[in-house]
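The next block holds one structure in the form of structure tokens; read it before the comments.
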Protein chains: 2
Amino acid sequence: MSAAGVRARVRAEMTEEIKAVARRHLATDGANLSLRAVARDVGLASSAVYRYFASRDELLTALIIDAYDALGAAAEQAAAGAGEPIERWLTLACRVREWALAEPHQWALIYGSPVPGYQAPADTIGPASRVMMQIAGIVLDAYVQGRIADREPVAGRYAEELAAVAAQYTPGAPPRLVGAAMAAFIQLCGTVSAELFGQLKNSIDEDRRGFFEFQMRGAASFMGLT
Amino acid sequence: MSAAGVRARVRAEMTEEIKAVARRHLATDGANLSLRAVARDVGLASSAVYRYFASRDELLTALIIDAYDALGAAAEQAAAGAGEPIERWLTLACRVREWALAEPHQWALIYGSPVPGYQAPADTIGPASRVMMQIAGIVLDAYVQGRIADREPVAGRYAEELAAVAAQYTPGAPPRLVGAAMAAFIQLCGTVSAELFGQLKNSIDEDRRGFFEFQMRGAASFMGLT
DNA sequence: CGGAATACAAGAGCAGTGCTCTCGTTATGG
DNA sequence: CCATAACGAGAGCACTGCTCTTGTATTCCG
């Protein structure tokens, strides 16, 4: 049993090392990293890597899940702090942005254009929703505290879909709020991606953080956070 | 001269055909399309393609420029219509979204995560800014017509950068407006990307158009469009 | 404790890739 | 008309993901 434990531990360490090296390669090669190059850096034959990951896609999936989890953990930590709802939202947003700036390639992996043949397996949807959950939590907290400004309720078919989402994840919350939270999440991702993917180049080059906050305050206003 | 014209025309046609086939392959292979496969489909030896594009990156660049131009043309057409500022904005936004839905791979090419080793050459910045220009135009029109709701002016270092952008492209426009227009553009891109890259899956599946308009109305409100 | 089963790693090999170089052929321009 | 330039094809290099086979440790169990 101890022996088996050793085996399992060595295997886990090897798996982690492969992922760590792959993460490094991610920085230079992007999503189409070379499994052979990773194997070389680890000190393995390329065929040996297949003992740990059935394919390159599976390795990528592992990296994706790790990235979602790392970002999700950061977001949860940021959202845990006390304070005004809008402050919590801004803290969360800035924390997400900082993580993305620190790990741009991991961000690109999860929020960039999907890898051609790649189809995200079900394992990813859980970790993927952690950030959204935190936003919903902040908005819901503000709502039950009566600190959400009134907005026009949503109408139309998408309102029903929002109601269904609300019923499943945040029972009692008005669909308008769920929609606003989703919109804010999308806006957050879009804004971070825009900065990371170079769309601000030659326009906002010095105080991107300030411009980011400006945008996130707009999102807060859309949600009705005060 | 006529002969030279023939040569040049044949060359142009061949170039277009290669790009057309490459665009088809884009749908299945994404940004890492195979130049050899494209060559096969065109009926050329892979080495012959290099007479037309010096490298795979250069072929990709040509596709990127074409995509920017196609989207830019669509945006310009949409923005040309008359109507209330907010209607013009919504029309433009929906037109951009429709183009993206029709050409998801081209959208991913220009607004997705950047290709690893790829560095966008200077030729792309012109076509890339056409959509943003149209948004700025709508906002500026509304401004000179006095149809922009008052908002808090921006402050801080990024405000100066916005002022510099305004001075260059839209002289006379308050930095706040330029910032809001940029934010709206970023929000538009982010929202479309979120839909295209599958982030709405299992939440909004039926009336994505309605949810999109809901978000774009939020952006309009942020800009102060009425 | 010893043999069987298993996990593991390495290497060769296949089909495919981007790209270069060389070699004939064809069309162009002086 | 002929030198020149453009063009296309093919071979070849180094690389990729992945599979299969072979040999070697290590673990498990009677």
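The values are calculated or read from the model by the stated rules, or taken from the named source; none is laboratory data. Being a predicted model, the structure only gives us computed values, none of them experimental. Virtual Cβ from ideal backbone geometry, glycine too; neighbours counted across all protein chains shown.
Overview of results
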| read-out | value |
| --- | --- |
| Residue in the range B:106-122 that is farther than 23 Å from B:Arg24 by Cβ, part of a helix (DSSP H, G or I) and away from DNA strand D (no atom under 16 Å from the Cβ) present | yes |
| Residue identified as more than 13 Å from chain A (Cβ to nearest Cβ), touching a helix residue (DSSP H, G or I) at 6+ places or on another chain (Cβ under 8 Å) and either more than 16 Å from DNA strand D (Cβ to nearest atom) or not hydroxyl-bearing (Ser, Thr, Tyr) (or both) among B:Glu76, B:Glu58 | B:Glu76 |
| A:Arg9 at pLDDT 95 or above and either farther than 30 Å from A:Val144 by Cβ or within 16 Å of DNA strand D (Cβ to nearest atom) (or both) | no |
| Test: residue in the range B:103-126 that is buried (at least 17 other Cβ atoms within 10 Å of the Cβ), over 14 Å from the mean Cα position of the chain (by Cα), at the interface with another protein chain (Cβ under 9 Å from one of its Cβ atoms) and of a type in the set (Val, Ile, Thr) | yes |
| Test: residue in the range B:85-95 that is within 15 Å of the chain's Cα centre (by Cα) and within 14 Å of another protein chain (Cβ to nearest Cβ) | yes |
| Criterion (over 30 Å from A:Glu58 (Cα atoms), modelled with pLDDT under 95 and not aliphatic (A, V, I, L, M)) met by exactly one of A:Arg151, A:Arg209 | A:Arg151 |
| Helices (runs of 4 or more DSSP H) lying entirely in the range B:28-80 (those with 3 or more residues that are of a type outside the set (A, V, I, L, M)) | B:35-42, B:56-80 |
| Residue satisfying condition, being within 11 Å of DNA strand D (Cβ to nearest atom), modelled with pLDDT of 95 or more and buried (at least 18 other Cβ atoms within 10 Å of the Cβ), within set B:Ile18, B:Ile65 | B:Ile18 |
| Residue that is within 20 Å of A:Val115 (Cα to Cα) and either more than 9 Å from every other protein chain (Cβ to nearest Cβ) or surrounded by fewer than 17 Cβ atoms within 10 Å (Cβ to Cβ) (or both), where the choices are B:Ala100, B:Ala142 | B:Ala100 |
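Yes/no per residue for (1) surrounded by fewer than 23 Cβ atoms within 10 Å (Cβ to Cβ); (2) without any contact (Cβ under 8 Å) to a residue 60 or more places away in the chain:
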| position | (1), (2) |
| --- | --- |
| A:Arg157 | yes, yes |
| A:Leu162 | no, yes |
| A:Ala166 | yes, yes |
| A:Ala173 | yes, yes |
| A:Cys189 | no, no |
| A:Glu195 | yes, no |
| A:Ser203 | yes, yes |
| A:Arg209 | yes, no |
| A:Arg217 | yes, no |
